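Derivation of every value follows stated rules applied to the coordinates shown; laboratory data play no part. Note that this is a predicted model, so its numbers are computed, not measured. Cβ: placed from backbone, ideal geometry, glycine included. Neighbour counts: every protein chain shown.
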Amino acid sequence: MSTRKPEGYLEGRPLHPESLMMGYGYRPDLSQGAVKCPVFQTSTFVFASAEEGKAFFELAYGLRKQGPNEEMGLIYSRLNNPDLEILEDRLTIWDEADAAAVFASGMAAISTTMLTFLRPGDVVLHSEPVYGGTDYLLKQILPQFGVRALGFPAGASEEAISMIIRRSGAAEHLAMIFVETPANPTNALVDIAACARLARAHGGGRRVIVAVDNTFLGPLWQQPLKHGADLVLYSATKYIGGHSDVIAGVCLGSLDLILQVKGFRTILGTMSGPHTAFLLMRSLETLKLRMTCQMKNARYVADFLADHPKVARVHYLGHLTEDDPQHAIYHRQCSAPGAMISFEVVGGEAEAFRLLNALRLIKLAVSLGGTESLAEHPASMTHSDVDPEERMEMGITPAMVRVSVGVENPEDIIADLRQALEQI
């Protein structure tokens, strides 16, 4: 799928993604020899001639097809920018995508993508639970534009999802299947390949887009495009950014689909800025190091929580047993359990709050994927805008705490959780 440039090879073999993150897509000789790509903090770009400007705009607005040796020139930073283009080139490597589009936030990526492919009368089938902002977009915003959202529980079988589609009468109007896997915050998995089969079987002859929010596992531990997804989405704020200092989003897929998404991005103005792109390129250089460390730390933390008498239940992919239907999905589409853990304390909201208020090393904050460990209360924070009855049906209980494990020493993370659990 990938169309890597010659620079991605050494001695006739492709370089590994972590090696390519150091300079792929960037030529120092075009920037005064700077080792790192400079920040192109400019709103507009000078054309060499009026004819060149005309040619660039013809390509930008799809007025004609691009020539075989013709490249899209720089016009205006809402359309394109060197930092954004180099970043997008590098992001395609991890997921082996043809193209990428970077946005000002994860929600900008999701909303722009949905607006690109959904029209009045369409149905978007989605897994549940999803991030609270996505849930609000699906159930409160899209219906205002005549788009119907139809949910199915994460972890449902292919047959069960198919039954939901048939009973709803939405088969011929289905335009998109949107899944978040693992689900936020329950870590429930959705079978991506099954969703791809369902997409091909429905839609009344039209193409049904399968879009996957892969934020929880990031590009290291799950590659949805390999399992039949058309598009993969990220809140790049999380693991890709990884330092809790940027807000950004990404959409990746085939060149044809991403060009359509970029067309909407240009008009909606939801692209990321050059400084954010610069920071994300910095973060990509340590992505594998950070995510590997966080994943290893999470194993120790999850094992500790599972054995603690004040923890009623732990939601962690590394603890799936062979008798669990999710076990087969995990081993088919994931290469590691990641660093997200949700657990339920013995008690309810009051007990969960006592634990959260007692934390000292772990920060009480929303978001995830940063170098620091973070903990939050999904029911009253990230998923507070989800209908209370639906929250309970999804398994988001008042006793649930979500932890994003960072790169600290795992013994220290565990020590903090131990002393906080003693407060319950």
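General remarks:
- Rg/Rh for the chain, where both radii come from Cα atoms and Rh is the Kirkwood radius: 0.98
- Ellipsoid fit via the Cα gyration tensor, the range 191-292: semi-axes of 27, 19, 9 Å, each the root of five times an eigenvalue, largest first.
- Rounded to 5, the percent of DSSP beta bridges in the range 287-421 classed as antiparallel: 85 percent
- When each of 226/363; 36/65; 54/262; 36/363; 139/310; 238/363 is checked by Cα-Cα distance, pairs over 24 Å: 226/363; 36/65; 36/363; 139/310
- Contour excess over end-to-end distance, with Cα ends at residue 313 and residue 57 and 0.36 nm allotted per residue: 86.5 nm
- Taking Lys and Arg as +1 and Asp and Glu as -1, the other residues whose beta-carbon sits under 15 Å from that of residue 145 total +2.
- Near residue 210, once Lys and Arg are set to +1 and Asp and Glu to -1 for all other residues with Cβ below 15 Å from its Cβ, the sum equals -3.
- Residue with peak Gaussian network fluctuation, the chain [Cα springs, cutoff 10 Å], from 348, 151, 263: 348
- Taking trypsin sites (Lys or Arg not before Pro) as exposed when DSSP calls them loop and at most 13 other C-beta atoms lie within 10 angstrom, the chain has its longest site-free stretch at 208-359.
- Under the span-like rule (Cα at least 20 Å along the axis, Kyte-Doolittle mean at least -1.0), DSSP H helices of the chain: 82-95, 287-306
- Of the residues 405, 130, the one with the fewest other Cβ atoms within 10 Å heads the list, and the complete ranking is 130, 405.
- Relative to the current alpha-carbon distance between residue 71 and residue 34, full extension at 0.36 nm per residue lengthens the span by 11.0 nm.
- Bridge type composition, the chain - antiparallel percent by DSSP, nearest 5: 55 percent
- Simple label model, 7 Å out from Cα along Cβ direction - residue 350 to residue 201, nm: 4.9 nm
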